[in-house]
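The values are calculated or read from the model by the stated rules, or taken from the named source; none is laboratory data. Everything quoted here is computed from the prediction, not taken from an experiment. Neighbour counts run over all protein chains shown; Cβ positions are idealised from the backbone, glycine included. Note: areas computed on protein heavy atoms with side chains; ligands, DNA, RNA excluded. Shrake-Rupley method; radii C 1.70, N 1.55, O 1.52, S 1.80 Å.
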Amino acid sequence: MEKLKNNLVMKAIAVFPQEKKISIIEHPEPKLLSGTEIKIKIQEVGICGTDREIARLEYGTPPKGSPYLVIGHETIGQVVEVGSQVSKIKTGDFVVPMVRRPCWHPECPACRSGRQDFCLTGDFSERGIKLLHGFMTEFIVDEEKYMNFVPPEIKDLAVLVEPLTIAEKGLIQVWDIEKRLPWLDVPGAEEKYAHKQKAVVLGAGPVGLLGTMALLVRGFDTWVYSRDPKESVKAKFVESIGGKYLSSRDIAIQKLPEQIGNIDLIYEATGAATISFQAMEVLGINGVFIFTGVPGRKGPIQIDADLIMRNLVLKNQLVYGTVNAGKDAFEAAILDLGKFAKRWPAQIRQVITGRYPITNYQDLLLGPISGMKRVITFSN
Ligand SMILES: [Zn+2]
Ligand SMILES: [Zn+2]
């Protein structure tokens, strides 16, 4: 059997920044090197804007000494081997790995407390993005502590866990912030008040739509504001899950409060600065604004800074950005995906708009964007 030979190789998709190319390569199959590691057979890998930027060589850093970086950071796999000290995860389990790994600085309190998503030094690494090979390959090995168990009944959706963690980390912090209001800092307040809160999601890509689902299951009255016309597939999708859809073709962003009332929360998932700062102008009293998108550098834009600053002060507003995710957000995403699958069994499956073999990588990474979440399948 091939698997019994030493120094096995496997297929992977890698970018070569020096040679300016991306290709399918033969990559050494990883082995367990310590008792706390596990080996995973990759099932599916999702593709997002970050992968496409890395594929265009705008981003991404190979491991030290390697001419290439194996890409991919959104995945679900099945455990095929566990080290002798692995305690919670078993062979056969389905898992989703976290992406970021801690920096080495002893004085970084974030990394030293397992919260490398808040790393203070910037010397973290990220699988498939920065200094560590990613998941667009057949097998990976990693520490058990970075793995999140996935119930088998949602394994066909679990490639969505990582993109959903963006919303989960954002929303964990929303409720921490909401506790500044004493009537929300009591047990059961989230259940009691969330449905009275009005949320606007900017953007109808996968991060926006998964965020919309996360807001809806928490009870928020949720609007999605995006460019797609109101007859579009995405608009129909939003309405089919109980959200409300407003197209920027029909309504100017300044008019949103007339339609919605006091906007308690804006969840930005566009990566577009102009529309996002215009949206800050309509954030309501005690409102919270979450930025999740990373805009390209396109030069300065005009914003009404006086109005935004006045609102921030006079309306007790809070604005924050969020990147990457900790274990709590991964666990929340897995729980929420289970809820989505029960509440919207057809719709949550529509979010994955296509499953493709590895040989389609050129089109998926460099071709036009289409659909919602497209994934590469390795399970066969
Ligand atoms: Zn991603
Ligand atoms: Zn750190």
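What is the extension gain from residue 80 to residue 304, computed as 0.36 nm multiplied by their sequence separation minus the C-alpha to C-alpha distance, in nm to one decimal?
Full-extension gain reported as 75.1 nm.
Mind checking which lysines have their C-alpha under 19 Å from residue 342, skipping anything on the same chain fewer than 8 residues away?
155
Nearest 0.05, what FRET efficiency do residue 314 and residue 104 give at R0 = 56 Å with Cβ-Cβ as r?
0.80
If the only charges are +1 at each Lys and Arg Cβ and -1 at each Asp and Glu Cβ, what is the size of the charge dipole of the chain around the Cα centre, to the nearest 20 debye?
For this selection, approximately 320 debye.
Would you work out which of 245, 285, 273 lies farthest towards the positive end of the dipole of segment 227-334, given +1 charges on the beta-carbon of Lys and Arg and -1 on that of Asp and Glu, about the Cα centre?
Among 245, 285, 273, the one farthest towards the positive end of the dipole of segment 227-334 is 273.
Could you work out what % of the accessible surface of segment 249-380 is carbon and sulfur, using a 1.4 angstrom probe and leaving DNA, RNA and ligands out of the count?
Carbon and sulfur atoms account for 56 percent of the accessible area of segment 249-380.
With the calculation restricted to Cα positions, what are the radius of gyration and Dmax of the chain in angstrom?
21.3, 71
Sketch the reach of a paramagnetic label on residue 8 as a point 7 Å from Cα along Cα-to-Cβ, and name the residues of segment 127-160 whose backbone nitrogen lies under 14 Å away.
138-141
Per residue, how much accessible area does segment 163-321 show when a 1.4 Å probe rolls over the protein heavy atoms, in square angstrom?
46
How much length is gained on full extension from residue 176 to residue 359, taking 0.36 nm per residue of separation minus their Cα-Cα distance?
Gain on extension, residue 176 to residue 359, equals 61.4 nm.
Using a Förster distance of 41 Å, how high is the FRET efficiency between residue 370 and residue 36, based on the Cβ-Cβ distance and rounded to 0.05?
Rounded to the nearest 0.05, the efficiency is 0.50.
Largest first, what is the accessible-area ranking of 26, 37 with a 1.4 Å probe?
26, 37
Can you give the relative contact order of the chain as a percent, counting alpha carbon pairs under 8 Å and 6+ residues apart?
The normalised contact order for the chain reaches 17 percent.
What is the gain in length, in nm to one decimal, between residue 294 and residue 145 on full extension, counting 0.36 nm per residue of separation less the C-alpha to C-alpha distance?
In short, 50.8 nm is gained.
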